[in-house]
2 protein chains.
Amino acid sequence: MLYQHGTLGTLIAGMLQGTTSIGEVTKHGDFGIGTLDGSDGEVVILDGNAYHANAQGEFKALTGEELTPFATVTDFQTDETINVRHITDAEALLAQTKRRAASDNIFFAVKMTGKFEMMHVRMMPKEEPPYRRLSEVAKNQPEFTREQVEGTIVGFYAPQLFHGIAAGGYHLHFVDDDRTFGGHVLDFEMNSGTIEINNIDTLQQHLPSNDAQFMGADIDYSNIAQEISETE
Amino acid sequence: MLYQHGTLGTLIAGMLQGTTSIGEVTKHGDFGIGTLDGSDGEVVILDGNAYHANAQGEFKALTGEELTPFATVTDFQTDETINVRHITDAEALLAQTKRRAASDNIFFAVKMTGKFEMMHVRMMPKEEPPYRRLSEVAKNQPEFTREQVEGTIVGFYAPQLFHGIAAGGYHLHFVDDDRTFGGHVLDFEMNSGTIEINNIDTLQQHLPSNDAQFMGADIDYSNIAQEISETE
């Protein structure tokens, strides 16, 4: 079971206010990704612990009380394991990983643990109200690159039909073993490590019905698929 | 909680084989809609009982053993009740109903019980393998009209962002009180009756991971939003 609070489409449309707590989200899974109130940075959840990378390059553990507008989690269970070495083409590795998953037509969680020769991430800058659409905010995203870093990529694959609710294809965040660095993964090279796949056939999609602003909004989704592709 | 097995998009793309049983679906809700193996006709589930209207105009109770590629159910609970009389404009009534729901941005189930001056339905004809895309099948859908009929409209509203997984907007089926007539609602006039709304903020979307054909398929969703609008 994949549990998601909020949708990527609603976030992209500029509904950036936090609508549930990280602690509420982690009740539904110990492994996942998200962002904080104001689309502030990148959340990564691993072994039930939540971390946050902001646009200033700061990294910290979360208490669980922080609010999030959008987060996706699962209780990770390993269905497939792939050992890899000397990966310089991340895109090819992700394509190979998808072929080892049960299908392109269901979800899967992916955990990539190992030594990375290079890790290239970005962090979404926190936006203050009145919020702009995320495709505008995303035009100025700080990017960071680390070399020789050990850690874990935490993420999900969503079938193309779900592009809008999530990002169709992969959506990956990173956390290092020292818990000092992470973000939204743009590219990487991997010296050696392990890829684990968790095939998932059920999405539990929760919408923020407690949030008056969301409930009352007239949300413009007319160009959402393209905006998501540009922003992510 | 709204429970859905399969997606409308996958059905529209021609994956018409039944992938779970009606009895399995009704474990997740006593109120809902669907179709049978081969996109055969229109299923309506009311008070935990499932019925089927086929393209020959036949209507029968289902045993629960029948297979379905796509069905949506909830355990219906009434949040809002509207009493109505002398409705000749179904579209205006549905717009009014939506304004009484909690939001356009979450799901709701709608139950419309009463005396209908006119009920205009269609039934999707059963398709045999190799299946065509549903937009092709739908070009020859028998339509039926009954006058002076008592019964219940059973259906759902989905937010526009979910167009693809479901039909954005309303998707309504009908069953008469005598359990002799029903189908997919195209239009109606209502003499008097009651509209009940059940606001729903969580979708549990189940994909048919037990079906090798679905799992292995290269599904073309490139024009799916428009195909759904044309077909439904």
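The values are calculated or read from the model by the stated rules, or taken from the named source; none is laboratory data. Note that the coordinates shown come from a computational prediction; the quantities given were computed from them, not determined experimentally. Quick reminder, even Gly has a Cβ in these numbers, built from the backbone with ideal geometry, and neighbours come from all protein chains shown. We work out accessible area using only protein heavy atoms, side chains counted, and drop any ligands, DNA or RNA first. Shrake-Rupley method; radii C 1.70, N 1.55, O 1.52, S 1.80 Å.
Observations, loosely collected:
- Test result for A:Gly6, open to solvent by 20 Å² or more (accessible area, probe 1.4 Å), farther than 20 Å from A:Val121 by Cβ and at pLDDT 95 or above: no
- Set B:Gly48, B:Gly29: member being under 25 Å from B:Thr202 (Cβ atoms), free of Cβ contacts under 8 Å to residues at least 40 places away in the same chain and among the small types (Gly, Ala, Ser): B:Gly48
- Among residues of the stretch A:38-74 being more than 23 Å from A:Asp178 (Cβ to Cβ) and more than 15 Å from the chain's Cα centre (by Cα), the one that is surrounded by the fewest Cβ atoms within 10 Å (Cβ to Cβ) is A:Glu65.
- Which numbered condition A:Thr20 misses (of (1) within 13 Å of another protein chain (Cβ to nearest Cβ); (2) more than 13 Å from the chain's Cα centre (by Cα); (3) open to solvent by less than 20 Å² (accessible area, probe 1.4 Å)): (3)
- Checking A:Tyr157, A:Tyr170, A:Tyr131 one by one, the residue that is under 21 Å from A:His5 (Cβ atoms), open to solvent by 40 Å² or more (accessible area, probe 1.4 Å) and touching a strand residue (DSSP E or B) at 6+ places or on another chain (Cβ under 7 Å) is A:Tyr170 and no other.
- Considering only residues in the stretch B:95-116 that are open to solvent by less than 10 Å² (accessible area, probe 1.4 Å) and part of a strand (DSSP E or B), the one that is nearest to the other protein chains (Cβ to nearest Cβ) turns out to be B:Phe107.
- Some residue of the stretch B:183-199 being of a type in the set (A, V, I, L, M, F, W, C) and within 19 Å of B:Ser39 (Cβ to Cβ): yes
- Note on the stretch B:2-25: residues that are outside any loop (DSSP other than H, G, I, E, B), in contact with a strand residue (DSSP E or B) (Cβ under 8 Å, 6 or more places away or on another chain) and closer than 19 Å to A:Gln204 by Cβ amount to 8.
- Residues of the stretch A:176-231 that turn out to be within 16 Å of the chain's Cα centre (by Cα), modelled with pLDDT under 95 and surrounded by fewer than 18 Cβ atoms within 10 Å (Cβ to Cβ), as a count: 2
- If you go through the stretch B:75-94 and keep only what is open to solvent by less than 40 Å² (accessible area, probe 1.4 Å) and either under 27 Å from A:Thr10 (Cβ atoms) or assigned to a helix (DSSP H, G or I) (or both), you end up with B:Phe76, B:Ala90, B:Leu93, B:Leu94.
- Just one residue in the set A:Glu147, A:Glu196, A:Glu143 is in contact with a Ser or Thr (Cβ under 7 Å, 6 or more places away or on another chain) and not polar (S, T, N, Q); that residue is A:Glu196.
- Listed by first and then second residue, the pairs with beta-carbon distance under 8 Å, at least 6 apart or on different chains, first residue in the stretch B:141-165 and more than 18 Å from B:Phe70 (Cβ to Cβ) and within 11 Å of another protein chain (Cβ to nearest Cβ), second assigned to a strand (DSSP E or B) and open to solvent by 10 Å² or more (accessible area, probe 1.4 Å), are B:Gln160/B:Gly169.
- Single residue of the stretch B:190-232 satisfying the filter (within 24 Å of A:Tyr3 (Cα to Cα) and among the charged types (D, E, K, R)) that is farthest from the other protein chains (Cβ to nearest Cβ): B:Asp211
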